[in-house]
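Enquirer: Right, I'll just put the structure down here and ask away after.
The values are calculated or read from the model by the stated rules, or taken from the named source; none is laboratory data. The model shown is predicted, which means the values in this text are computed figures rather than measured ones. Backbone-built Cβ (ideal geometry, glycine too); neighbour counts: all protein chains shown. Surface areas here come from the heavy atoms of the whole protein model, side chains and all, with no ligands, DNA or RNA. Shrake-Rupley method; radii C 1.70, N 1.55, O 1.52, S 1.80 Å.
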Amino acid sequence: MATKKKHCFVCGRTENEVSLLLSGNEGFICDDCIMSAYKLLVDAGYQVPSGITPSSSSHQHKATDFKSIPKPQEIKAFLDRYIIGQDDAKRYLSVAVYNHYKRLSQTGGDDGVEIEKSNIIMVGPTGTGKTLLARTVARLLDVPFCIVDATVFTEAGYVGEDVESILSRLLQEADYDVARAECGIVFIDEIDKIARKADNPSITRDVSGEGVQQSMLKLLEGSIVNVPPKGGRKHPDQDYVKVDTHNILFICGGAFDGIEKKIAQRLNTHTVGFENVRQTHRIDPKNLLQYVDPTDLKSFGLIPEIIGRLPVLTYLYPLDREALRRILIEPQNSLVRQYEKLFAMDGTKLTFEPEALDFIVDKAVEYKLGARGLRSIVEAIMSQAMFDNPSQANKKFCVTADYARTEFEKNGRLSI
């Protein structure tokens, strides 16, 4: 007589179809059903006793393979293909991302050493590549990545977005997989716009400054945060998603317009004595951002608590004429290549004379808009050509210095 096979009383699968089958008084249950029940309890808000954690599950994401982690030099080489200069910021960012991967891969151990994350803050003028650095790194990563703007945040209860909406966007990038989102990277842009408004004569509350910084402290350091699942404001009767931010790397960026004055004041505080005069001569007044330190951020309006949670501080150089010229033509995604591709889609070969490129760079330096201003200038110059070319049979189009100057004088003020 054939022996009846053991099977799970929940899903009905036999012992040959599952990894593990546990016996009980009334039957058997498989490991997959146990994990499903565990997940339902956690989602329902039940407190799981300490020490009980799922050791293996098909829903768990495997630890990152060390062989697949891009090394810092490899990350920087990838950034070099798209971004000109800013070597210091690239190195800091490459190391931060590499260490983040290693933190996700650590298996703990009994040595008592737990690697903590090092959030990073980048200081640099507008148009120098802060957002582009973060967006380019995203192409290389295998973790959820999102970019948020700090200017929309207000204190809880006021018109605007709560800081928890940062995690809502990260959840969206992770397809609402909480485990994947908890290993993601967030770039917070315009962090300088939430600086504390010191000596504000207004009697109204500063709901978009210091209050927002206070709200962000728990996110940056790491805590369990209740996140509205579909974004938006919090409501008492709304179900929340619990997100642990301990393994989320935060990268902040801001222009900090005017911080050079704070740096200059600090560097020139003590100028009495021969040695101090020699030190003053070694300072490069054209790029004071390279001397930025946490005390300058505090003077600008960031509270000490948030500065302490952003331990890695780096800077981006202002773009000079040579850097702007290289940005136009050298990167893999350069402006010239983008417009060449646009015209090639209509069967036209587009070329720029060197003198025309010089004119574009000169205007970008004049308007002081950085690399972002290059597109506005080129768009103003090419607007008429892009309007006429698709309807014409021209196979070649060359942008000369005279053409660029004429078109910019007609359209430049409308786009700059």
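Enquirer: In region 324-367, which residue that is open to solvent by 70 Å² or more (accessible area, probe 1.4 Å), of a type in the set (D, E, K, R) and not in a helix (DSSP H, G or I) is farthest from Ile84 (Cα to Cα)?
Expert: Restricting to residues being open to solvent by 70 Å² or more (accessible area, probe 1.4 Å), of a type in the set (D, E, K, R) and not in a helix (DSSP H, G or I), the top hit is Asp346.
Enquirer: Could I ask something else about it? Of the conditions (1) within 30 Å of Arg139 (Cα to Cα); (2) within 33 Å of the chain's Cα centre (by Cα); (3) hydroxyl-bearing (Ser, Thr, Tyr), Tyr367 satisfies every one except a single condition; which number is it?
Expert: (1)
Enquirer: Yes or no: Ala380 free of Cβ contacts under 8 Å to residues at least 12 places away in the same chain and either more than 30 Å from Ile121 (Cβ to Cβ) or polar (S, T, N, Q) (or both)?
Expert: So Ala380 does not fit the description; no.
Enquirer: With the structure loaded, tell me whether Lys298 is modelled with pLDDT of 90 or more, part of a helix (DSSP H, G or I) and open to solvent by 60 Å² or more (accessible area, probe 1.4 Å) or whether it fails that test.
Expert: In short, no.
Enquirer: It is to be established whether one or more residues within region 401-414 are part of a loop (DSSP other than H, G, I, E, B), under 34 Å from the mean Cα position of the chain (by Cα) and of a type in the set (Lys, Arg).
Expert: Within region 401-414 (the criterion being part of a loop (DSSP other than H, G, I, E, B), under 34 Å from the mean Cα position of the chain (by Cα) and of a type in the set (Lys, Arg)), the answer is no, since none of the residues qualifies.
Enquirer: Further question: Restricting to region 77-99, and then to whatever is open to solvent by less than 60 Å² (accessible area, probe 1.4 Å) and under 15 Å from the mean Cα position of the chain (by Cα), can you tell me which residue is farthest from Thr128 (Cα to Cα)?
Expert: Tyr98
Enquirer: Out of the residues in region 24-47 that are among the polar types (S, T, N, Q) and at pLDDT below 75, which is farthest from Val241 (Cα to Cα)?
Expert: Checked region 24-47; the qualifying residue farthest from Val241 (Cα to Cα) is Asn25.
Enquirer: Of the residues Leu313, Leu319, which is part of a strand (DSSP E or B) and under 18 Å from Leu93 (Cβ atoms)?
Expert: So the residue among Leu313, Leu319 that is part of a strand (DSSP E or B) and under 18 Å from Leu93 (Cβ atoms) is Leu313.
Enquirer: Kindly indicate which of Glu114, Glu74 is open to solvent by 30 Å² or more (accessible area, probe 1.4 Å) and closer than 22 Å to Thr245 by Cα.
Expert: Going through Glu114, Glu74 in turn, the sole match is Glu114.
Enquirer: Only one residue in Lys286, Lys242, Lys261 is open to solvent by 80 Å² or more (accessible area, probe 1.4 Å), part of a loop (DSSP other than H, G, I, E, B), out of contact with any Phe, Trp or Tyr (no Cβ under 6 Å at 6 or more places or on another chain) and at pLDDT below 90. Which one?
Expert: Within the list Lys286, Lys242, Lys261, the selection yields Lys286.
Enquirer: Now for a different question. From the list Ser57, Ser50, pick out the single residue that is surrounded by 13 or more Cβ atoms within 10 Å (Cβ to Cβ), under 20 Å from Glu182 (Cβ atoms) and at pLDDT below 60.
Expert: On inspection, the qualifying residue turns out to be Ser57.
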